[in-house]
1. Residue B:2 - would you say it is touching a residue at least 12 places away in the same chain (Cβ under 8 Å) and either farther than 26 Å from residue B:175 by Cα or away from chain A (no Cβ under 14 Å) (or both)?
2. Being free of Cβ contacts under 8 Å to residues at least 24 places away in the same chain and touching a helix residue (DSSP H, G or I) at 6+ places or on another chain (Cβ under 8 Å) narrows it down to one residue among B:291, B:279, B:299; which is it?
3. Going through A:77, A:83 one at a time, which residue ends up being part of a loop (DSSP other than H, G, I, E, B), at pLDDT below 95, touching a strand residue (DSSP E or B) at 6+ places or on another chain (Cβ under 7 Å) and within 14 Å of another protein chain (Cβ to nearest Cβ)?
4. Residues of the stretch A:86-104 being surrounded by fewer than 16 Cβ atoms within 10 Å (Cβ to Cβ) and away from chain B (no Cβ under 14 Å), which ones?
5. From the list B:235, B:246, which one is in contact with a strand residue (DSSP E or B) (Cβ under 8 Å, 6 or more places away or on another chain), touching a residue at least 60 places away in the same chain (Cβ under 8 Å), over 30 Å from residue B:18 (Cβ atoms) and not assigned by TED's automatic domain parsing to the domain that holds residue B:51?
6. Could you check how many residues of the stretch B:125-146 are modelled with pLDDT under 95 and farther than 19 Å from residue B:101 by Cα?
7. Kindly establish whether residue A:71 is surrounded by fewer than 16 Cβ atoms within 10 Å (Cβ to Cβ), in contact (Cβ under 8 Å) with a residue 12 or more places away in the chain, within 10 Å of chain B (Cβ to nearest Cβ) and on the phi < 0 side of the Ramachandran plot.
8. Being at pLDDT 95 or above and either within 11 Å of chain B (Cβ to nearest Cβ) or not in a helix (DSSP H, G or I) (or both) is the filter here, so list the residues in the stretch A:106-115 that pass it.
């Protein structure tokens, strides 16, 4: 088990992602962040806080549970459904940035795109991930990445955040 | 969990999981697109050997909102009315590839028989069996109570519920006593002695024969339907006397504590156990119970069917 990102690395990466999202979307009033529970939702809150500071206005942030849209429900034990909360400004016509902790197969993002389609029709959907570990199984890419971590398929990447785990770090574990 | 046959099979954590799942699924019913792809390609059979409006359409709506295919099967107009046995019906359903059977049956224990048999491999969901249990109704009642009186807690500790009326014939009362006490609520049964089952003193409840002394002390008054179709003997002298002593009328409504709610599993006998003005009053959550029923049944289908299939024979 090795530490791939330490607490200061994570905080630097999130601030950089905040700047990059604002740079890529000049109409900053139109941006809505949606974190994918559980850790993606916490990352979204943090990114929204720093983006709000930089942009000088509140960036709407919510969370989007994608459990009901997963294509692997039958292959795993029952997953509990997590909360979804969409900001009052909605997602219609907005620049939606999906935020997750690890981008891996791309299936979570595919499910998120389906889930979004049931809520509304954003102008664009972008993806930000703290870690991109490769091994994509679908034609999906991240627009904003904290850190590209080349991994073998046998390894697992574990993101820990203070809000849940009491510590900020990204670990690579050998299975 | 593979089947939902009785509340007594549920742990507190499982019951809360179903209620929490229902909270999230309730959003679907409010959304623009009332449909999720979760159970696409799965077949759910509604096997109703006894009349039902609410429960059948509620399960049907729940299954359809999760994109499952629904086959409705009622005893009237099917081979059951020609005398086909439960076994042969089950074998037919298995041959058609039913992933789950929602069964309502006049015989207590019919869902258990179906689940324990080798006749079919799918999940069995009890939608009311005889005078035994009606677990999905109890779950939707607990969901409704928690929404109004739960104060954000996952369970119902501290909530006081009176269940009033025909407890003897009521599967709703049996399931509710089990579930509400499992979730920490205190339950008082109010009924004439003739409408209480044998052995009720061993249930984890208080018993009263006097509605007026109980009504001001509880947060929830759950009225039960007087089940005339199951009454072959005389259980009370006449309907007017029952209504006077055990009916919920406008005068009794005034005795209820503030914030308390009136529930009824339906179908109501307006004017017998509940006065029309009470059923339509602001305290009544009876229509909301029906709406919550769809969310709760979606949660039941999700919890039983969405995960990895369990090995045949496991519970």
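1. Details: touching a residue at least 12 places away in the same chain (Cβ under 8 Å): yes; either farther than 26 Å from residue B:175 by Cα or away from chain A (no Cβ under 14 Å) (or both): no.
For residue B:2, the condition - touching a residue at least 12 places away in the same chain (Cβ under 8 Å) and either farther than 26 Å from residue B:175 by Cα or away from chain A (no Cβ under 14 Å) (or both) - is not met.
2. On the way: B:291 fails: free of Cβ contacts under 8 Å to residues at least 24 places away in the same chain; B:299 fails: free of Cβ contacts under 8 Å to residues at least 24 places away in the same chain.
That would be B:279, the only listed residue that is free of Cβ contacts under 8 Å to residues at least 24 places away in the same chain and touching a helix residue (DSSP H, G or I) at 6+ places or on another chain (Cβ under 8 Å).
3. On the way: A:77 fails: touching a strand residue (DSSP E or B) at 6+ places or on another chain (Cβ under 7 Å).
Step by step, each of A:77, A:83 is checked, and only A:83 is part of a loop (DSSP other than H, G, I, E, B), at pLDDT below 95, touching a strand residue (DSSP E or B) at 6+ places or on another chain (Cβ under 7 Å) and within 14 Å of another protein chain (Cβ to nearest Cβ).
4. Passing the criteria: A:88, A:89, A:93.
5. On the way: B:235 fails: in contact with a strand residue (DSSP E or B) (Cβ under 8 Å, 6 or more places away or on another chain).
The unique qualifying residue is B:246.
6. Number of matching residues: 1.
7. On the way: surrounded by fewer than 16 Cβ atoms within 10 Å (Cβ to Cβ): yes; in contact (Cβ under 8 Å) with a residue 12 or more places away in the chain: yes; within 10 Å of chain B (Cβ to nearest Cβ): yes; on the phi < 0 side of the Ramachandran plot: yes.
Here the answer is yes, as residue A:71 does meet what is asked.
8. A:106, A:111 - these are the residues of the stretch A:106-115 that are at pLDDT 95 or above and either within 11 Å of chain B (Cβ to nearest Cβ) or not in a helix (DSSP H, G or I) (or both).
The values are calculated or read from the model by the stated rules, or taken from the named source; none is laboratory data. Model, not experiment: these values are computed from the prediction. Note: ideal-geometry Cβ built from the backbone for every residue, glycine included; neighbour counts use all protein chains shown.
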